[in-house]
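Working notes for the structure below.
Bear in mind these aren't lab numbers, they're just calculated from the coordinates by the rules spelled out. The shown structure was predicted, so the numbers you read here are calculated from the model rather than taken from an experiment. Cβ placement follows ideal geometry from the backbone for every residue including glycine, while neighbour counts extend to all protein chains displayed.
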Amino acid sequence: MKKHKSFFITIEGGEGCGKTTQSKLLKKYLEEKGFKVVLTREPGGSVVAEKVRNILLNPSFKVVPLCELMLYEASRAQHLEEIIKPNLKKGYVVICDRFTDSTLAYQGYARNLDKNIIKKLNDIASCAISPDITFYLDVEPKEGIKRAKSVNKGKLTGGDRIEKESLKFHNKVRKGFFELAKKYPARIKKIETKNGIEETQKNIIEAINKFLQKKNLL
Ligand code: TMP
């Protein structure tokens, strides 16, 4: 029987950390447990938000930091109303590949925009809906960028606008995620990715099972 318990999971991490693969594996795992699951992503996830994603990630565009921040939040506002809120209301588990922590890590810690303003905008765009649990998949930026580029190679993209940023930028993003994980230890679970897909999945499943038990959802 399908379980009608809704909760909100986000998956975060630097470039090439394996979020997309792990999100799909987690969806499958939860469905096998009887949950109804929707998998979505940011930026994007709805028709309009995906259009904004195309602007944000186009490597031939020059986007100033404030415009970048506003576009991520604009995409989020649309995505929240069209996908996240209605699915949570219908009793689905929503897994979102990136969410508000990415904005703090990338636009706050790496681009140096004011974190208090970002928090306010995050709250406005997300209607103050906060993830119940967040998996931060950690990868050493040098390694992650190599992985991301090898995935993109087939598409001949040579990397999107953010992937093309300097190693220094990506190190700041990672430091940002570390600080967020330290600040919100009850919500953000830091997961090591260097031991491969299976080991990473095992650690995510262990953490989700603990969460489900605590919430009486198993
Ligand atoms: P990805 O979904 O393929 O990881 O690509 C999304 C890119 O957008 C990634 O480089 C991280 C970046 N990003 C931000 O800079 N701020 C945000 O708020 C979000 C959601 C993503």
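Using a Förster radius of 25 Å, what is the FRET efficiency between GLU82 and LYS24 based on their Cβ-Cβ separation? Nearest 0.05, please. So, using R0 = 25 Å, E works out to roughly 0.70. Would any residue of region 104-148 have its amide N under 15 Å from a label point 7 Å out along Cα→Cβ of LYS62? List them or say none. No residue passes the distance filter.
3J(HN,Hα) along region 210-217: 4, 4, 5, 5, 4, 8, 6, 9 Hz, from the Karplus curve 6.51 cos²θ - 1.76 cosθ + 1.60 with θ = phi - 60°, whole Hz, x for Gly and Pro.
Once you keep just the Cα pairs under 8 angstrom separated by 6 or more residues, what percentage relative contact order results for the chain?
30 percent
Note on ARG147 and ASP123: the model spin-label points, each 7 Å out from Cα along the C-beta direction, lie 3.4 nm apart. If I take R0 = 25 Å and measure r between the Cβ atoms of SER130 and LYS90 in this structure, what FRET efficiency does the formula 1/(1 + (r/R0)^6) give, to the nearest 0.05? After rounding, the FRET efficiency stands at 0.85.
The tail of the calculated P(r) for region 1-109, taken as Cα-Cα distances beyond 20 Å, holds 43 percent of the pairs. Using the Karplus relation 6.51 cos²θ - 1.76 cosθ + 1.60 with θ = phi - 60°, the per-residue 3J(HN,Hα) values for region 165-175 come to 5, 5, 4, 4, 4, 5, 5, 5, 4, 4, 4 Hz, with x marking Gly and Pro. Dimensions of region 144-218 along the principal axes, based on C-alpha atoms and rounded to the nearest Å, stand at 46, 28, 20, largest first. In summary, the chain shows an alpha-carbon radius of gyration equal to 0.98 times the 2.2 N^0.38 Å reference for compact globular proteins. How large is the Kirkwood hydrodynamic radius of region 49-178, counting all unique pairs of alpha carbons, in Å? Computed over region 49-178, the radius equals 15.8 Å. Of the chymotrypsin sites (Phe, Trp or Tyr not before Pro) in region 42-144, the ones in a loop by DSSP (not H, G, I, E or B) with at most 12 other beta carbons within 10 Å are PHE61.
On the beta carbon distance between LYS115 and LEU71, with R0 = 22 Å, the FRET formula returns roughly 0.75.
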